[in-house]
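Undergrad: Below you will find the structure I want to go over with you.
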Amino acid sequence: MAGRADHVVQHLTEKSRSEIRGLFDHGCVTLNGERCTDIGAKVRSGDAFEINYDLHTRYHERTAAWEDEAFKIIFEDKYIIVVDKAPGFLTVPANPGETDSVMHAISRYLSHRGGRDRAQAVHRLDRGASGLLVFGKTREIAEVVQKQFEDRKPEREYLAIVNGKVAEQTGTFESYITTSKSLQQFSTTRPGEGQLAITHYQGVEIVRGATFLRAWLETGRRNQIRVHFAEAGHPVLGDTRYRPDLSEHPHWRVKRLALHAAVLGLKHPVTGQPMRFEAPMPAAMRSFIGGGNPVAQPKKRRPVHK
């Protein structure tokens with residue numbers, strides 16, 4: 001019998017369109033001895049066409065993987081969803097009515113899945129940064145995870161490329177960060193002002209006149225890593241807000257921050273089990289590091305938090 005593969009299967013099995021696609025998805029159809037996954041494949045006279053399946057099994061069509069330019073799913077269960085945020089997207093909308101945030105994108109994904117859950121933000125990443133974010137699927141779950149952040153319990157490791165050669169290969173920034181009238185963050189020495197901000201770091205290598213490093217947050221203030229390194233004279237590459245006069249680099253031509261949330265460790269809000277997630281280094285950062293000549297490579301170890 002000749003014709004389109006799915007039409008042949010329908011004629012021979014009399015199954016629904018959805019079940020037919022399920023047979024292809026589950027490898028039940030072979031054409032000339034090879035698995036056939038293309039429902040539109042042409043079947044010609046003389047071809048060896050076989051359908052092998054259990055009469056008592058319903059072969060459901062596999063749902064296509066969700067694709068969204070704002071995020072990639074790292075982990076999901078009925079309580080939380082952990083994603084790798086793409087640069088260029090806000091975590092939550094900055095103004096009422098905005099719908100291009102990661103929170104909205106995840107909520108659209110959850111709605112597509114047919115559930116009533118909506119993404120509830122637990123913490124944030126800067127628009128120009130990328131990396132790991134966790135969202136609760138209900139407000140109650142989000143609040144449980146937020147309490148962990150308030151108590152400084154989650155592990156948060158960032159990868160960053162900052163301009164210039166950082167003199168100390170390991171160190172800690174500790175300051176009180178406050179907000180100016182122009183909404184800029186900065187460290188203040190005025191008693192009683194600002195929120196405590198602690199950033200630990202370790203340089204990994206110096207390349208192209210910049211320093212590739214790992215940073216660990218003990219606190220989670222807005223723009224914390226960017227502020228601390230900019231105030232030290234080593235702004236994150238691509239930062240147009242904090243020390244833009246120093247953040248430009250001839251080999252960093254992408255419109256994003258050289259800042260990536262690479263590791264996130266926390267306890268599951270319901271089971272209490274420890275969970276640790278990793279997001280691979282973005283291509284732009286990988287390309288920058290790979291294109292230079294490292295001159296220093298200290299051991300990669302996490303500074304001890306006191």
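The values are calculated or read from the model by the stated rules, or taken from the named source; none is laboratory data. Everything quoted here is computed from the prediction, not taken from an experiment. Positions of Cβ are backbone-derived with ideal geometry, glycine not excepted, and every protein chain shown enters the neighbour counts.
Undergrad: Applying the selection to region 217-247, what residues are part of a helix (DSSP H, G or I) and under 20 Å from the mean Cα position of the chain (by Cα)?
TA: Selection gives Gln224, Ile225, Arg226.
Undergrad: May I ask you to verify whether Ile20 is in contact with a Ser or Thr (Cβ under 9 Å, 6 or more places away or on another chain), over 30 Å from Glu157 (Cα atoms) and among the aliphatic types (A, V, I, L, M)?
TA: It is true that Ile20 is in contact with a Ser or Thr (Cβ under 9 Å, 6 or more places away or on another chain), over 30 Å from Glu157 (Cα atoms) and among the aliphatic types (A, V, I, L, M).
Undergrad: Within region 249-266, track down each residue that is touching a residue at least 60 places away in the same chain (Cβ under 8 Å) and within 19 Å of Lys165 (Cα to Cα).
TA: His249, Trp252, Leu257, Ala258, Leu259
Undergrad: Any idea which residue in region 88-133 is surrounded by the fewest Cβ atoms within 10 Å (Cβ to Cβ), counting only those that are small (Gly, Ala, Ser) and in contact (Cβ under 8 Å) with a residue 60 or more places away in the chain?
TA: Gly88
Undergrad: Another question, if that's okay. From the list Arg226, Arg253, which one is over 14 Å from Asp126 (Cβ atoms) and charged (D, E, K, R)?
TA: Just a single option satisfies the conditions, and that option is Arg253.
Undergrad: Checking the conditions here, which among Ile198, Ile206 is farther than 25 Å from His251 by Cβ and in a strand (DSSP E or B)?
TA: Residue meeting the stated conditions: Ile198.
Undergrad: Does Arg214 meet the test of being assigned to a loop (DSSP other than H, G, I, E, B) and either surrounded by fewer than 19 Cβ atoms within 10 Å (Cβ to Cβ) or among the basic types (Lys, Arg) (or both)?
TA: When the stated conditions are applied, Arg214 does not pass them.
Undergrad: Hey, among the residues in region 34-65 that are closer than 24 Å to Arg113 by Cβ and in contact with a Ser or Thr (Cβ under 8 Å, 6 or more places away or on another chain), which one's surrounded by the fewest Cβ atoms within 10 Å (Cβ to Cβ)?
TA: Restricting to residues being closer than 24 Å to Arg113 by Cβ and in contact with a Ser or Thr (Cβ under 8 Å, 6 or more places away or on another chain), the top hit is His60.
Undergrad: Let me spell it out: the conditions are (1) of a type outside the set (A, V, I, L, M); (2) at pLDDT below 95; (3) in contact with a strand residue (DSSP E or B) (Cβ under 9 Å, 6 or more places away or on another chain); (4) farther than 27 Å from Pro280 by Cβ, and Arg116 meets all of them except one. Which number is the exception?
TA: (3)
Here's the yes/no breakdown for (1) among the hydroxyl-bearing types (Ser, Thr, Tyr); (2) in contact with a helix residue (DSSP H, G or I) (Cβ under 7 Å, 6 or more places away or on another chain); (3) part of a loop (DSSP other than H, G, I, E, B):
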site	(1), (2), (3)
Met1	no, yes, yes
Gly27	no, no, yes
His56	no, no, yes
Glu61	no, yes, yes
Trp66	no, yes, yes
Pro87	no, no, yes
Thr91	yes, yes, yes
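Undergrad: Turning to a different aspect of this structure: Does region 163-189 hold any residues that are closer than 18 Å to Arg221 by Cβ and either touching a helix residue (DSSP H, G or I) at 6+ places or on another chain (Cβ under 9 Å) or of a type in the set (Asp, Glu) (or both), and which are they?
TA: Phe173, Glu174, Ser175, Ile177, Gln184, Gln185, Phe186, Ser187
Undergrad: Another one. Every residue in region 3-25 that is in a helix (DSSP H, G or I), surrounded by 14 or more Cβ atoms within 10 Å (Cβ to Cβ) and in contact (Cβ under 8 Å) with a residue 24 or more places away in the chain, please.
TA: Ala5, Asp6, Val8, Val9, Thr13, Glu19, Arg21, Gly22, Leu23, Asp25
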